[in-house]
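Heads up: the structure comes next, in structure tokens.
The values are calculated or read from the model by the stated rules, or taken from the named source; none is laboratory data. Remember, it's a predicted structure, so these values are computed and weren't measured experimentally. Virtual Cβ from ideal backbone geometry, glycine too; neighbours counted across all protein chains shown. Accessible surface areas use protein heavy atoms only, side chains included; no ligands, DNA or RNA. Shrake-Rupley method; radii C 1.70, N 1.55, O 1.52, S 1.80 Å.
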Amino acid sequence: MAKKGDWVKIKQIVLEPHERAENIPEDTKKTPLTMWVKGILMEDAEIGQKAKIKTFTGRIVEGILVEENPRHIHDFGSPVPELIKAGMKAREILYGGEGNEQV
Amino acid sequence: MSRYKEIMARKNEIMKKSLGIDYERFESGSIAFDYERMMRETGYSLEEIIKIQREANVGNTPLIELKNLTELARKVSPTGKAARIFIKDEACNPSGSFKERRASVSVYHAKKHGYKGVIAATSGNYGAAVASQAAMKGLKCIVVQEAYDSRGIGQPEILEKGRKCETFGAEVVQLTVGPELFYVNLMLLEETGYFNASLYTPFGIAGIETLGYEIANQVKERTGKFPDVVVVTHAGGGNLTGTARGLIKAGALDTKVYGVSVDLTGLHMASDTDFNRKSFTTGHTGFGIPFATWPDRADVPRNAARPLRYMDGYYLVKQGEVFYMTELLAQLEGLERGPAGNTSLAAAFSLAQQMENDQIIVVQETEYTGAGKNPTAQLTFAKQNGVQVLVGNPDEEVPGKNIILPEHPSMVKAREVKLDNLKKSYIRNCIQHFGMPNEEDIKFLAEDTKSSEDFVRRTIEELKNGGLV
């Protein structure tokens, strides 16, 4: 249960598949145009239930509650050894191999 | 009528109210319109923009000479020679990209005209720039992003930009893939009465002129002459247009301006399945070519970004080459910078090798980087979406299937696109929209394609003979 005053994320279907623009690729046309917005929850609500939020700009938006205190999950990914080695190789070309102290 | 169709039918009325520009004043009734008068009467002078940007902490970014990359270019160059490579460190702007030059003028204009807030429809750095400038000026801000595929999986770079907008106190409206983002944008403009901080207004483009102006003056101050070449990452065309206009205003009339895009041929920009198979969210051919050949596809009636008017050459690089140059910029120059500017850096590294040692090539932007934007974030995401990451010959890269990091720095290449073909395609699009050109239109098309009336006439004949118009 998310409480009134929590920072939450809601979701709303803006256009159902049959309402979508005509000149878009078939794969996209099969899916609804979906929107996510974050804001302060105005009344207690359960995940998956209807909820009303007040956004940063003060707009009141209704939708389905999807997340409480939504976290930014993007990160730096895993190391990419091919890239690391590419840099090492370029240094070697530039500074003349392992014998050079600058490497 | 569906709500979608009802809103779209009123788009001109909503846009006019949210921009406050009457574009009809500059129209001729056919292909031609008075571009320079539009820029003059609805924009700001260079002096005014310098003042607006100074007050908003925008611009005057450092120009850095990339001595080690230049040296590496000379080591691998077939002639043993390469031009000096410089980079304009636009990451030093408050929100971390050159887009703040555009945003600073749009937000200034919105505030001056009494709007309570601004709306920008963009998944890119422009959103963060508008959000930052709006925060500075006490205006409300909404950024509308195309961020997720239908599975709800977000492109990491777009998620990062969304986070940044939120940090500056902007409301971020995130959508799944599709051009109907424009519809959501129109609904929000109507609901809020906010200013439409479009990327393509005369003042937005005029905001970038200072970038070209600073480059010309900084290079002259450092080396005693204007740069020979300025390379610009090209997507919607504003970056190239504004930079070129600024160079001209500084008197650098002989400096060549080249556009560069990442080659994403074969991936459809509005496809739900292709969306997360690309590792670049801007600066790619999916925007670069359509916006060059039909600039007025933008969200304003007449686009102030008109790349073919200023472009002296257009080059493509591969995704793998841009990641590779990003790594080299970090490991050889100690500069950890974001993806977009490194597209033109990859091309510059190759183009420099076709130049003389005393010549100068300038990469005109860097951008901030970090979680979601780093090559490691993008390459990890690519692998998760079934794209192979290989080392080899970037010529063999197939967008959406693989990313090929060059095996050796000599394999980084700027691949030339025939500009004449883009110019012909633009002329064809104009005829398809407006009908056959009159004398005034021919003169306009010659200016708008940086060609000649003779070229335009020959193209029209060619198109007619080929049954293409």
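Taking amide hydrogens as placed 1.01 Å from N in the peptide plane, the amide H of B:Gly117 sits under 5 Å from those of B:Lys140, B:Phe195, each at least 5 positions away in sequence or on another chain.
Between segment B:123-175 and segment B:54-96, the C-alpha centres lie 28 angstrom from each other.
The stretch between B:Glu191 and B:Lys220, if pulled fully straight at 0.36 nm per residue, gains 5.5 nm over its current Cα-Cα span. Only helices reaching 27 angstrom along their own axis (Cα) with mean Kyte-Doolittle hydropathy no lower than -1.0 count here, and for the DSSP H runs of chain B these are B:202-223.
Give the shape of segment B:1-95 as rounded, prolate or oblate, defined through the alpha-carbon gyration tensor: a ≥ b ≥ c are the square roots of its eigenvalues, a/c under 1.5 means rounded, and otherwise the shape is prolate if a/b is larger than b/c and oblate if not. Judged from the Cα gyration tensor, segment B:1-95 comes out prolate (a/c at least 1.5, a/b above b/c).
Under a model in which nothing but the beta-carbon of Lys, Arg (+1) and Asp, Glu (-1) is charged, the protein assembly as shown shows a dipole of about 780 debye around its Cα centre. Taken about its Cα centre, segment B:427-466 carries a charge dipole of about 180 debye when Lys and Arg each add +1 at the Cβ and Asp and Glu each add -1 at the Cβ.
Put a plus charge on the Cβ of each Lys and Arg, a minus charge on the Cβ of each Asp and Glu, and nothing anywhere else: the dipole of chain B about its Cα centre is then about 440 debye. Summarising the strand pairing of chain B, around 20 percent of its internal DSSP beta bridges are antiparallel.
Solvent-accessible surface of segment B:192-299, taken per residue with a 1.4 Å probe and all protein chains present: 27 Å². Against chain A, whose longest principal axis comes from its Cα atoms, helix A:81-95 is set at around 40 degrees.
Could you sort B:His109, B:His268, B:His284, A:His72 by their accessible area in this structure, using a 1.4 Å probe and putting the largest first?
These residues rank, largest area first, as B:His268, A:His72, B:His109, B:His284.
Volume per residue for the protein assembly as shown equals 157 cubic angstrom (convex hull of Cα atoms). Counts of other chain beta carbons within 10 angstrom of each beta carbon in peptide A:84-93 average 6.
Within 10 Å of each Cβ in B:370-377, how many Cβ atoms from other chains are there, averaged over the peptide?
5
Divide by every residue of chain A the summed helix terms, -39500 (n - 2.57) for each DSSP H run of at least 4, and state the resulting mean residue ellipticity at 222 nm, rounded to the nearest 500 deg cm²/dmol.
Working: 2 runs with 19 residues, N = 103.
After summing the helix terms and dividing by residue count, I get -5500 deg cm²/dmol.
In this structure, the amide hydrogen of B:Ser123, modeled 1.01 Å from its nitrogen in the peptide plane, lies closer than 5 angstrom to those of B:Glu146, counting only residues at least 5 positions away or on a different chain. For segment A:1-19, a decrease in accessible area of 30 Å² or greater in the assembled protein chains relative to the isolated chain, with a 1.4 Å probe, applies to A:Val14, A:Leu15. Mind running the shape call on chain B? Use the C-alpha gyration tensor, a ≥ b ≥ c as the square roots of the eigenvalues: rounded below 1.5 for a/c, prolate if a/b tops b/c, oblate otherwise. The shape class here is rounded. Per-residue Karplus couplings for segment B:114-119, computed as 6.51 cos²θ - 1.76 cosθ + 1.60 with θ equal to phi - 60°, are listed in order as x, 6, 8, x, 10, 10 Hz, Gly and Pro entered as x.
Shielding value for A:23-31 is 6, the average number of Cβ atoms from other chains within 10 Å of each residue's Cβ. Amide H contacts for B:Glu365 (H built 1.01 Å from N in the peptide plane; partners 5 or more residues away or on another chain; cut-off under 5 Å): B:Lys88. Think of segment B:135-236 as a dipole: +1 on every Lys or Arg Cβ, -1 on every Asp or Glu Cβ, centred on the Cα centre; then among B:Asn185, B:Gly169, B:Val232, B:Val232 lies furthest on the positive end.
Relative contact order for segment B:57-113: 38 percent, from Cα pairs under 8 Å spaced at least 6 residues apart, divided by residue count.
Taking the helices alone, chain B has a mean residue ellipticity at 222 nm of -14500 deg cm²/dmol, built from -39,500 (n - 2.57) per DSSP H run of at least 4 residues and averaged over all its residues.
At the residue level, A:Ile84 shows approximately 80 square angstrom of accessible surface with a 1.4 angstrom probe and all protein chains present.
The phi torsions of segment A:56-73, fed into the Karplus equation with coefficients 6.51, -1.76 and 1.60 and a -60° offset, translate into couplings of 3, 8, x, 6, 9, 10, 9, x, 9, 5, 10, 7, 9, 6, x, 9, 7, 9 Hz, rounded to whole numbers, with Gly and Pro shown as x. Using C-alpha pairs under 8 Å with a sequence gap of at least 6, the mean separation divided by the residue count of chain B gives a relative contact order of 18 percent.
Annotation for the A:B interface, with buried accessible surface near 4400 Å², both sides summed [1.4 Å probe; non-protein components not counted].
Can you tell me the convex hull volume per residue for segment B:192-307, based on C-alpha atoms, in Å³ to the nearest whole number?
132
My understanding is that a pair violates if its Cα-Cα distance is over 21 Å; which of B:Lys5/B:Lys112; A:Lys30/B:Lys383; B:Lys16/B:Lys111 do that in this structure? Beyond 21 Å between Cα atoms: B:Lys5/B:Lys112; A:Lys30/B:Lys383.
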